[in-house]
Amino acid sequence: MNLPIIYHPDYVTPLPDNHRFPMPKFKLLHDLLIADGVIQPEQVKPPEKPPREWLELVHTPEYVRAYCEGTLDAKAQRRIGLPWSPALVTRTCTAVGGTILAAKLALSVGMACNTAGGTHHAFPDYGSGFCIFNDFAIASRLLLHLGWVKKILIVDLDVHQGDGTAFIFQDDPRVFTFSMHCEANFPGRKQRSDLDVPLPTDLDDDGYLQILAQHLPDLFDRVQPDLVLYDAGVDTHVSDRLGKLAMSDYGLYRRERMVLSSCAAAGYPVACVIGGGYNKDMPALVYRHSLLHRAASEVFGQYKL
């Protein structure tokens, strides 16, 4: 069995020129992984759009309907930061389906990676920060609802706090939320995760990885999850437009190896998403995102998951 990689052509939909959200990166990431031989085409699994009742395990029916039908008011649209279109609805729902599929496959084979996902700023009744529906929250609620898992650990290493996820699960002991993020960054108003680790600006590789290494073993011992959901945002990179930390490509690769090998060694299935990354140098950004899949492929083979 090879590492499952989740991708769909609908992950990309047109946005206005010069929009800050780097929409082309999803297809380019898939293409780079194939071109570099990191994955083979037969490893790629296409997701399906989830039914609305799955979205409504987390989001209010009113919000789901308004977004899907294009009737959100202008203020709510501005808060999301992405101009509404029917194609964007399809893209949004397909990406959520990708994270759900990654989670299901991780439970089956030990590890799986989406080539999108990480929409952790979405709250039950509104979207924010390029996030419309919260993919980790929906996947978690669905698997709990189906009885496939009893305990989930969310490891969110995007540079921005996973505020929507923290809010959604603040009173749900079945899901443990861990967010390690830049303190002086979006969102201005932080929520309370089960464990928050705020980081100072300009933190480099060694400083970042030392802090992470201090927390991961205790976290696994404390939670003992049936499934880990990992947000591998690369906006912690020194050149990221929205980041404020100072990690290098190699530091990111070391981070991915640390998280994934820790999960594999302890026998915890892990489903990964790419999270945030914002850089005008698209090839550099896409390569940065590919470090997750490169590390995952190596760990998957090493532990023969």
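To the nearest 0.05, what FRET efficiency results for Thr60 and Met1 with a Förster distance of 22 Å applied to their C-beta separation? Could you put the intermediate results ahead of the total?
Numbers: r = 39 Å, r/R0 = 1.76.
Efficiency computed from Cβ-Cβ geometry: 0.05.
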_Sites matching trypsin sites (Lys or Arg not before Pro) across segment 119-183 that sit in DSSP coil, with at most 13 neighbouring C-beta atoms within 10 Å_ = Lys150
*Where a Cα-Cα gap under 24 Å defines reach, which lysines qualify for Lys25, not counting those fewer than 8 residues away within the same chain?*
Lys45, Lys49, Lys244, Lys280
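How do Met180, Met258, Met1 rank when sorted from fewest to most other Cβ atoms within 10 Å of their own Cβ?
Ascending number of Cβ neighbours within 10 Å: Met1, Met258, Met180.
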*Take each of the peptides 228-236, 18-26, average the number of other beta-carbon atoms within 10 Å over its residues, and list them starting from the highest.*
228-236, 18-26
*Mean residue ellipticity at 222 nm from the helices of the chain, using -39,500 (n - 2.57) per DSSP H segment of n ≥ 4 over the full residue count, to the nearest 500 deg cm²/dmol?*
-14000 deg cm²/dmol
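What's the FRET efficiency of Ala35 with Lys75 using the Cβ-Cβ distance as r and R₀ = 41 Å, to the nearest 0.05?
Values: r = 42 Å, r/R0 = 1.03.
In this case the efficiency is close to 0.45.
Among the complete DSSP H segments of the chain, which ones combine at least 30 Å of alpha-carbon extent along their axis with a mean Kyte-Doolittle hydropathy of -1.0 or more?
Numbers: long enough: 86-109 (34 Å, 1.22); 282-303 (32 Å, 0.06).
What comes out of the filter, once short or polar helices are dropped, is 86-109, 282-303.
Once you have a ≥ b ≥ c as the square roots of the Cα gyration tensor eigenvalues for segment 24-303, tell me rounded if a/c is under 1.5, and otherwise prolate or oblate according to whether a/b is larger than b/c. The partial results should precede the final answer.
Details: a/c = 1.23, a/b = 1.20, b/c = 1.03.
Because its axes are fairly even, with a/c under 1.5, segment 24-303 counts as rounded.
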*Whole-Hz couplings from phi, Karplus 6.51/-1.76/1.60, listed for segment 172-185; x for Gly and Pro*: 10, x, 6, 10, 9, 9, 10, 10, 10, 8, 6, 5, 8, 8
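Once the Cβ-Cβ distance between His215 and Leu107 is put in as r, and R0 is 30 Å, what FRET efficiency do you end up with, to the nearest 0.05? Don't jump to the answer; show the numbers that get you there.
Details: r = 24 Å, r/R0 = 0.81.
Calculated value: 0.80.
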*Order of 97-104, 31-38, 118-125, 245-252 by packing, highest average Cβ count within 10 Å first?*
97-104, 118-125, 245-252, 31-38
*Take the Cα of Asp125, step 7 Å along the line toward its Cβ, and report every residue of segment 52-95 whose backbone nitrogen sits under 12 Å from that point.*
60-64
*Given DSSP loops and a limit of at most 16 other Cβ atoms within 10 Å, what is the longest stretch of the chain that contains no such GluC sites (Glu not before Pro)?*
49-182
*Along Cα→Cβ, 7 Å out, is where each label goes; now give me the distance between the ones at Asn18 and Asp206 in nm to one decimal.*
4.2
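Since every read-out is calculated from the coordinates, none of them should be taken as a lab result. Since the structure is predicted, the reported quantities are computational estimates derived from the model, not experimental observations. Because the Cβ atoms are built from the backbone with ideal geometry, glycine has one as well, and the counts that use them run over all protein chains shown.
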